[in-house]
Each structure stands twice: as C-alpha cells, then as structure tokens.
1. Of the conditions (1) at pLDDT below 95; (2) of a type outside the set (Gly, Ala, Ser); (3) open to solvent by less than 60 Å² (accessible area, probe 1.4 Å); (4) under 24 Å from the mean Cα position of the chain (by Cα), residue 465 fails just one. Which one is it?
2. Could you tell me whether residue 402 is surrounded by fewer than 17 Cβ atoms within 10 Å (Cβ to Cβ), at negative phi and in contact with a helix residue (DSSP H, G or I) (Cβ under 7 Å, 6 or more places away or on another chain)?
3. Which condition breaks for residue 45 when tested against (1) under 30 Å from residue 349 (Cα atoms); (2) more than 31 Å from the chain's Cα centre (by Cα)?
4. Suppose we keep only residues that are assigned to a helix (DSSP H, G or I), out of contact with any Pro (no Cβ under 6 Å at 6 or more places or on another chain) and in contact (Cβ under 8 Å) with a residue 12 or more places away in the chain within the range 468-482. Which one would you say is surrounded by the most Cβ atoms within 10 Å (Cβ to Cβ)?
5. Only one of (1) of a type in the set (D, E, K, R); (2) modelled with pLDDT under 80; (3) more than 21 Å from the chain's Cα centre (by Cα) is not met by residue 297, so which one is it?
6. Applying the selection to the range 56-94, what residues are modelled with pLDDT under 90 and either touching a Pro at 6+ places or on another chain (Cβ under 9 Å) or assigned to a helix (DSSP H, G or I) (or both)?
7. Give the residues of the range 130-156 that are under 27 Å from residue 105 (Cβ atoms), modelled with pLDDT under 90 and either buried (at least 20 other Cβ atoms within 10 Å of the Cβ) or in contact with a Gly (Cβ under 8 Å, 6 or more places away or on another chain) (or both), sorted by residue number.
Amino acid sequence: MIALNQAKTKRLVALHGWSGVLLAILLYVVVLSGTVVVLVHEIGIWSAGNTVVSHPLEKPIDSIVRSNARTIPPEYYEEVSIRETGDGNLSMFFHAHVQDANGQVADKGVRLIVDTDEQAVISRKEGYSRDVFGEEPETALEQFLLQLHIRLHIPGMLGLLATGILGLWMMVAGISGLLAHRHVVRDMFVSERPGDRLAAVRDRHALAGSWSLIFALLLAFTGSFFSFAGSIGIPVVGMVATGGDQRALIEKLIGVDKPEDARLAPLASLDYMIMDATERAGTAPEQISITNYGRRDASVMMFHPASEGDLTGLTLLFEGPSRKFEGVKPFLGTVPSVSNTAVGLMAPLHFGNFAGMLSKIVWVALGAAMTFVILTGTRLWLRRRAEQPGWQAFRRIMVAVMYGFPIAMVACAYGYFLALPSGETHYWTAFSFIAASVVCVLYGWREKDIARSADRLCSILALSLIALPLVRLLMGGTAWSEAMISGRTIIPSIDILLVLGGLLLMRWDQVASMFSLQKTETTSVLGPAE
C-alpha cells in the first residue's frame, strides 16, 4: 500500500469515518435495497405467481398486430411499442411524439392489452403514456423495491440526484478506507480476536471491507453514472448538441438514422423477423419497437436480453417492408463506439445479471458484506462517542433503521399480498412500507435500552420473514406443486430462503447485540482501522 505518515493517516481515518457516518442511514438503505434488487426479477415472478414460461413474444403475433392496427387512427402510427405485461399478456402502444400542454414532448396514442392465446383485446385506452399505462397490480412489489433503490421514491430528477450523490459519497468512503488500511491483503484473511468484543467488531469490519472494497467502488461508480447520466449528463449534452430541439434529441439518442419516405407500404411478417432476431441474438426479444408503421421507411427494433456467456444484450434493426436485417443498433445513438460499449456494460456490472443466477448470488453476497461494513463501521465510530448525548440518540435511531428498514421491506410485501384481491396493490405496498418505517423509528427513539430495542426488532423481523410465505399461499399465491410443474422453481426457492433467513436471525445472538454497550468492552481510543 501507499506509505503514509501518522498525520496523513489520521486525516484519512477521519475522512473515512465522517464520510461514512454522516450519511450512514441513507447509504445503508441504498446498499441493502440494492442487494435485494439484484433479485428483483425473481421477486416479481414470486410475488405475481407467474407460471407462464412461454412469453407472448415467443408466440406468433403478426396477425394480432395487423388486425388491431386497423382499429387505430393513422396519426398514431409514428411508433408502436410491443412488450409483455406483468401477467403474461401482450401490450401494444400505438403512439406519436407530440407536445403536451406544458410544451414538453410526450407520447400520445392508444394502448391495447391482448390475450395472445385467445387473441382477444382485454383493455383499450387512449391518451398520453402517463395516463394509459396504468399501474399493473402484479408488478407493484417489484416496481416499489426497484424505485426505492433507484431514486428512494423521491419524485422527479431529485431522486436520481440523491442516489448519485450517495454513490459519490460511498466512493469517498471506499477510497479513503483503501488508503488508510496499510495491510489490505492481510486483512482479507484476518482472524477474529477472542475476548475483546470491540476488537472483534474491528476485525469483522476489516475482513468484510477488504473483500467488498473493489465491489463497493464498482457499484458506487456505476450507480452514480446511472443517476447523473439520466438526470443531467445525457439530457444536457443532447440538448446542447441539438440546439434545444427535443424531437431531434429523441432521434439522436434512440432514433434510426435513415432517409424519410412517407409512401405507404405494408410491414413484412413480424413473426419472421422475431425468428430471425432470436437466432442472431440467442434469446427471444423482450420488447419490439416499430417506427413509421405502414410506411416505406418503417424500421423494426428488437431488444434482446443477454444470451448465456454475454455481458450485454443486443438491439437488432430490421427494415420494415422488406424484413432485411440492417445490423446491431448501439445502446445510444446510431454509430458504434468504445464509449457506447462502456455505457452498455454499466447495467450488468451494477445489477450483476451478466452470468445468470451465479453472478446474482455473488452480487447478493458482496452486497450483504457491504451492508455489514456500513453497520460495523458506524458502530466503531459511535463507540468512541458513547458518552455524548447527541451520538447516543443517533445510535438508537441507527438500531431502529438497521432492523426497521428490512422490516419495512417485508411489510410492503405483506401489504402487496393482502391487497391482491382488491387490485390496490400499489397503494397498500407503499402504505405498508411507510407505516412500518414510522413505527420502527418511533419505537427506536423512545426505547432507551438499545440492547432490548435491537432484540425485539430482530425478533419481529425474523417472525415476519418466516410467516410471509404462508401469507402468500393463503392469499391465493401459486402453490409449490404448480410452480414445480411449470418450471418456476424460483417461487418455492424464495419461500425457503425467507424461512431460513428468519430462523437464522432467531439464532444469531450477535446481531441483536451489535449496538449494545457491554461493561467488559474497552472504551479506549481506537486504532486507525476503526
């Protein structure tokens, strides 16, 4: 490591400590929610009880699109977005890019939801995209957890800015910790010292931090990129490049660069293009976009997830009337580049979905290690300030958040399942999370005995995890036998993981006493590793 004198080491330790503790609660929320979000797709399957293995875009849809297109006003043929809904049906949105009442470019058109087996229209709505895309009840839990991690449910661009700042803050804590640790490689194999609880916590912090340090910097960088690129970077650069023309900005970022030809021409077989694209990409498309439907300059884009062994998915471009394959479309814009490839790698590296379930398990394990580092680092910092009243209050709040946040995430799952019969899942998912959070924080603030507060909240979390699979089944969730027959093994797997997690918490005495004051523990000045 870099050789530093004692004064510089002290300053780095102070920077490391303050950068971690000032936003410890928010960092804990973002990191823990991110650990859960790695499995958000699987959680969506589990919560919706979706046993449909074959997706709508793996079935013939050409006749469905053609027959329903005849019922759509031609002014909405500018673009057609086709994808799967949360319950396995087909969503088609025929729309045009128009200016709304606020002068902003918005999508306005007709959205259809079609049962591909019966080829019957289930729903038809006309209006702006924000109105016709109603909140699908089956996706409430999945979307709530995802938005919790991405923007902390702060509205507008402020949420992205908040998580972006937290990502940069985590990078500061990680880099200062790396420079302050003089024996990073040795700390990766450190053994916990017996007898002295505080020294043992220091050893655990160093061990978990050493193993997850590079991972933490990777997540902090990629997370900050997503937050700032989406809220500031790409829009500002694009608006400058297009002179403020919003329509030109859309075409530059996601459009297709080809001459305009408004003459009428029928679209070639979508089924053929889907089959061709699936062979080229190795996976079936998860979304299709058709521009200028029914015209000679029509283009069809197929968005494919990554195939086995690949880090990123592909977007394949076809000429609409002739079904000719035109090539692979870059992630942004129309010209391939090294920077475009780097941007495309951000998502798989952040969410860990580049190697199937194996990479997701690794990402979850490293995310759990990062969560542990935040908690133990905060404890070490607070231990030095145990006698100061302000920090004592912060310790009580930190204990409440430590257990209260996972309790709230489990509570929102209870709200989701209990609201399924009424269809008001989005409201009750959010309400349950907020209610549980408020109750836990108030209890942690009022309870002066930190050890008792931790023990009770830990027990509540354990019992709520164990009971959740039963509630899911009682509210009409998919039974294990049905899930196994359909090949959805993720449904019983998550049930088993929840029960095992609850049983582990009930037996893990060290968790409940993590922030407790022990008379046998030393309160002397701590070393640089703390």
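The values are calculated or read from the model by the stated rules, or taken from the named source; none is laboratory data. This is a predicted model, so every value here is computed, not measured. Note: ideal-geometry Cβ built from the backbone for every residue, glycine included; neighbour counts use all protein chains shown. In case anyone asks, the SASA skips ligands and DNA or RNA and just uses the protein heavy atoms, side chains included. Shrake-Rupley method; radii C 1.70, N 1.55, O 1.52, S 1.80 Å.
1. Result: residue 465 fails condition (1) only.
2. So residue 402 does not fit the description; no.
3. (2)
4. Checked the range 468-482; the qualifying residue surrounded by the most Cβ atoms within 10 Å (Cβ to Cβ) is 472.
5. So the condition that residue 297 fails would be (2).
6. Result: 56, 57, 58, 84, 85, 86, 87, 88, 89.
7. Those that are under 27 Å from residue 105 (Cβ atoms), modelled with pLDDT under 90 and either buried (at least 20 other Cβ atoms within 10 Å of the Cβ) or in contact with a Gly (Cβ under 8 Å, 6 or more places away or on another chain) (or both): 132, 136, 139.
Every residue, every condition in (1) modelled with pLDDT of 65 or more; (2) part of a helix (DSSP H, G or I); (3) in contact with an Asp or Glu (Cβ under 9 Å, 6 or more places away or on another chain), yes or no:
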site: 1; (1), (2), (3): no, no, no
site: 11; (1), (2), (3): no, yes, no
site: 15; (1), (2), (3): no, yes, no
site: 19; (1), (2), (3): no, yes, no
site: 26; (1), (2), (3): yes, yes, no
site: 32; (1), (2), (3): yes, yes, no
site: 35; (1), (2), (3): yes, yes, no
site: 43; (1), (2), (3): yes, yes, yes
site: 52; (1), (2), (3): no, no, yes
